[in-house]
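What follows is a single structure, written as structure tokens, with notes after it.
The values are calculated or read from the model by the stated rules, or taken from the named source; none is laboratory data. Predicted model only: the values in this text are computed from it and were never measured. Ideal geometry is used to build each Cβ from the backbone, glycine not excepted, and the neighbour counts take in all protein chains shown. Only protein heavy atoms, including side chains, enter the accessible area calculation; ligands, DNA and RNA are left aside. Shrake-Rupley method; radii C 1.70, N 1.55, O 1.52, S 1.80 Å.
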Amino acid sequence: QVQLVESGGGLVQAGGSLRLSCTTSGLTFSTLGMGWFRQGPGKARQFVAAINRSGGSTHYSDSVRGRFTISRVNAKNTVYLQMNSLKPEDTAVYYCAADRGGSLSSYYGQYDYWGQGTQVTVSS
């Protein structure tokens, strides 16, 4: 059974930091490209960041580049999203996703598996 489980969300003040984690099971993690997406209230799902199989390449949306860092530890089947300098507009449900093709895609349709999401709320 394939599972992606996110954790680490919560309430934080503007300017603060959070680290999200996503642990997978039922998949060979080292063969997967991994991505983070988010969906704010009344908004479409939005690409945040992606990382390739080895962790050697990353890709970010313009809105988070320089503030967020995606990383992975293949031995732990886990991908992380370190979020610094958070803004109220970062408020959303954050989802991790797995791509069997191992790409760095920003297109949600490229991803095969999704977690259930974790809420991040940034207060002003």
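Rundown of residues vs (1) within 10 Å of the chain's Cα centre (by Cα); (2) open to solvent by less than 60 Å² (accessible area, probe 1.4 Å); (3) among the aromatic types (Phe, Trp, Tyr), yes/no style:
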site: ALA92; (1), (2), (3): no, yes, no
site: GLY101; (1), (2), (3): no, yes, no
site: TYR111; (1), (2), (3): no, yes, yes
site: GLN119; (1), (2), (3): no, no, no
site: SER123; (1), (2), (3): no, yes, no
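Selection over segment 57-83 of residues that are open to solvent by 60 Å² or more (accessible area, probe 1.4 Å), under 16 Å from GLY8 (Cβ atoms) and outside any strand (DSSP E or B) gives a count of 1. Applying a threshold of 9 Å to beta carbon distances and a minimum spacing of six or more residues, or different chains, the list of pairs starting in segment 59-80 at a residue that is within 15 Å of ASP99 (Cα to Cα) and of a type in the set (Ser, Thr, Tyr) and ending at one that is open to solvent by less than 30 Å² (accessible area, probe 1.4 Å) and in a helix (DSSP H, G or I) reads THR78/PHE29.
Only one of VAL64, VAL12 is touching a Ser or Thr at 6+ places or on another chain (Cβ under 8 Å) and either over 16 Å from TYR95 (Cα atoms) or of a type in the set (Val, Ile, Thr) (or both); which? Give the derivation first.
Working: VAL64 fails: touching a Ser or Thr at 6+ places or on another chain (Cβ under 8 Å).
Only one candidate passes the filter, namely VAL12.
If I ask for residues that are among the β-branched types (Val, Ile, Thr) and out of contact with any Leu (no Cβ under 9 Å at 6 or more places or on another chain), which ones from segment 69-78 would you list?
Of segment 69-78, the ones among the β-branched types (Val, Ile, Thr) are 69-70, 73, 78.
Listed by number, the residues that qualify are VAL73, THR78.
I'd like the full set of residues that are in a loop (DSSP other than H, G, I, E, B) and either in contact with a helix residue (DSSP H, G or I) (Cβ under 6 Å, 6 or more places away or on another chain) or open to solvent by 60 Å² or more (accessible area, probe 1.4 Å) (or both), limited to segment 27-56. Please lay out each step first, then the result.
Taking segment 27-56 as the starting set, the residues that turn out to be in a loop (DSSP other than H, G, I, E, B) are 27-28, 32, 40-45, 52-56.
Result: THR28, PRO41, GLY42, LYS43, ALA44, ARG45, ARG53, SER54, GLY56.
Could you go through segment 6-18 and let me know if any residue there is without any contact (Cβ under 8 Å) to a residue 12 or more places away in the chain and surrounded by fewer than 14 Cβ atoms within 10 Å (Cβ to Cβ). There is no residue in segment 6-18 that is without any contact (Cβ under 8 Å) to a residue 12 or more places away in the chain and surrounded by fewer than 14 Cβ atoms within 10 Å (Cβ to Cβ). Only residues that are more than 13 Å from the chain's Cα centre (by Cα), assigned to a strand (DSSP E or B) and either closer than 22 Å to ASN84 by Cβ or among the charged types (D, E, K, R) (or both) were counted across segment 1-26, and they come to 4. Quick one: GLY26 ticks every box in (1) within 15 Å of VAL5 (Cα to Cα); (2) without any contact (Cβ under 8 Å) to a residue 24 or more places away in the chain except a single one, so which number is it? Among (1) within 15 Å of VAL5 (Cα to Cα); (2) without any contact (Cβ under 8 Å) to a residue 24 or more places away in the chain, GLY26 violates only (2). The conditions are (1) open to solvent by 20 Å² or more (accessible area, probe 1.4 Å); (2) at pLDDT 95 or above; (3) under 26 Å from VAL122 (Cβ atoms); (4) part of a loop (DSSP other than H, G, I, E, B), and LEU86 fails exactly one of them. Which is it? Status for LEU86: all satisfied but (1).
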